[in-house]
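See structure below.
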Amino acid sequence: MTKDFFTIDDFDVSGKTVLLRVDFNSPMSPDGMILDDARIKSHVRTINDLKDAKVVLLAHQSRPGKSDFMTMKSHAAILSKYLGKEVRYVDDIFGSYARSCISAMEPGDVILLENVRFFSEESLERSVDEHADSYFVQKLLPLIDYYFNDAFAVSHRSHLSVVGFTRDVPGGAGRLLETEIVSLDRGLDGERPCIYVLGGAKVDDSLNVAKNVLSKGSADLVLFTGVVGNVVLAASGYDIGPTNMELIKKTGYADYITKAKSKIEEFGDKVRYPTDVALNVDGKRIEAGIEEMGKSGYPANDIGIQTIAHYTSIIESAGTVILNGPAGVSENPDFALGTHEIIRAAIHAKFSIVGGGHISAEVHRLGMDSQFSHISTGGGACIEYLSGTQLPGITVLREAYAKKKGSDEDLSEDND
């Protein structure tokens, strides 16, 4: 697969100052303790590969208005443990204190600047040039030799720390972002048959992914589950019952029934939906056919046994399988069966991808992380990438690559 972006391998960073955007956003307790450090750990390989450089980390924790919108002090302590050396926490972002700390660094040093979202302009959706000309970037620019983005989970945002440095500083993708791009591209153009299993409650995202991968021929089949599965059932003319329809209306997805109908008509038997469900009858799992689903007043909280058997047989023989979203209310053990059986089936595919979010949490709960080819670190970013959306954080890296390659070719022609 041809690479169209620069990575760490393309530069000699020894002794240089590297600004590295990471995603340390973690679940936290009210007293500031990190409850799950998986995201911090995911960047260790990149930081270790920059061990001869001076590494300045940019990261965020939550967003304004949230109870876990906190400093990065705890994150620095956790990272220090994983790296086996001190990571200095600097409670400043681009002020004189931060700049003096960067200027005093030695090769091998790692510092973590303050939560970038403490600066209100960080989260503004602006153009590359607008961000590049910002006070934030212009203050740090003279101190930085290279910029690398390793934060896939925020690369679908045109935020300052994601796109602001790429115009004026050479660099590219860190190891984690590189792995995400390569793996997801393989999912979009991988071994056949290629099966997408789309569930959860984000109906619009799932339908966009289905349209993209089926219209481009990237997928052979799309299997729908979860709330989106109920939308597709309704679009196919089935009565899904008042309770399930009310949930769809409440979440603002009623209009998507018509959109789902057009997808079914366009792609025919490449689209599959549940043939039976598990109803939540006063807290108990009750298997029911689609007809019973319509007649009852109970919510469908999982796919049924027959659908599980049908879906898993397809998934097990796949060349490539991509899972995005749970098949039901998987946090309830009585309705986690569909999600868990799909996960167990997916590891038998030749190449398997988990698209972040709730489905990743279930894979982790089952202790099956290592049995998948790739587990994405970005739920929203992953589904946007698979839907064909251009992610700003990746687009700017590809543009920088194309610009550099173009100028190199022009120089080569001038020297001929």
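In the set (1) within 16 Å of G304 (Cβ to Cβ); (2) surrounded by fewer than 16 Cβ atoms within 10 Å (Cβ to Cβ); (3) within 23 Å of the chain's Cα centre (by Cα), the condition left unmet by V281 is number (3).
Charged (D, E, K, R) and open to solvent by less than 70 Å² (accessible area, probe 1.4 Å): is that true of E114 in this structure? So E114 fits the description; yes. Test each condition in (1) touching a Leu at 6+ places or on another chain (Cβ under 7 Å); (2) closer than 20 Å to F148 by Cα; (3) modelled with pLDDT under 95; (4) not hydroxyl-bearing (S, T, Y) for P27 and report the one that comes out false. Single failed check for P27: (2). A count restricted to the range 1-55 and to residues that are closer than 25 Å to T395 by Cα, without any contact (Cβ under 8 Å) to a residue 24 or more places away in the chain and of a type in the set (G, A, S) stands at 0. Against the condition surrounded by 24 or more Cβ atoms within 10 Å (Cβ to Cβ), touching a helix residue (DSSP H, G or I) at 6+ places or on another chain (Cβ under 9 Å) and either within 22 Å of V231 (Cα to Cα) or not polar (S, T, N, Q) (or both), how does I305 come out, does it pass? Spelling it out, it is not the case that I305 is surrounded by 24 or more Cβ atoms within 10 Å (Cβ to Cβ), touching a helix residue (DSSP H, G or I) at 6+ places or on another chain (Cβ under 9 Å) and either within 22 Å of V231 (Cα to Cα) or not polar (S, T, N, Q) (or both). In a residue-by-residue description of the range 395-408, the property of being of a type in the set (V, I, T) and over 29 Å from D129 (Cα atoms) applies to no position.
Scanning the range 221-235 for residues that are of a type in the set (S, T, N, Q) and part of a helix (DSSP H, G or I) turns up just one, N230. Scanning the range 267-292 for residues that are in contact (Cβ under 8 Å) with a residue 60 or more places away in the chain and under 16 Å from V228 (Cβ atoms) returns a single hit, V271.
All told, G338 falls short of being touching a residue at least 24 places away in the same chain (Cβ under 8 Å), within 16 Å of L184 (Cβ to Cβ), of a type outside the set (S, T, N, Q) and crowded, with 18+ Cβ neighbours inside 10 Å. Within the range 341-396, the set of residues being open to solvent by 40 Å² or more (accessible area, probe 1.4 Å), among the aliphatic types (A, V, I, L, M) and touching a helix residue (DSSP H, G or I) at 6+ places or on another chain (Cβ under 8 Å) comprises I347, L366, I375. Of the helices (runs of 4 or more DSSP H) contained entirely in the range 136-220, those carrying at least 3 residues that are open to solvent by 10 Å² or more (accessible area, probe 1.4 Å) and in contact (Cβ under 8 Å) with a residue 12 or more places away in the chain fall at 175-188, 203-215.
The values are calculated or read from the model by the stated rules, or taken from the named source; none is laboratory data. All of these numbers come straight from a predicted model, not from anything done at the bench. Note that we place each Cβ from the backbone using ideal geometry, even for glycine, and neighbour counts take in every protein chain shown. Surface accessibility is based on the protein's heavy atoms, side chains included, excluding ligands, DNA and RNA. Shrake-Rupley method; radii C 1.70, N 1.55, O 1.52, S 1.80 Å.
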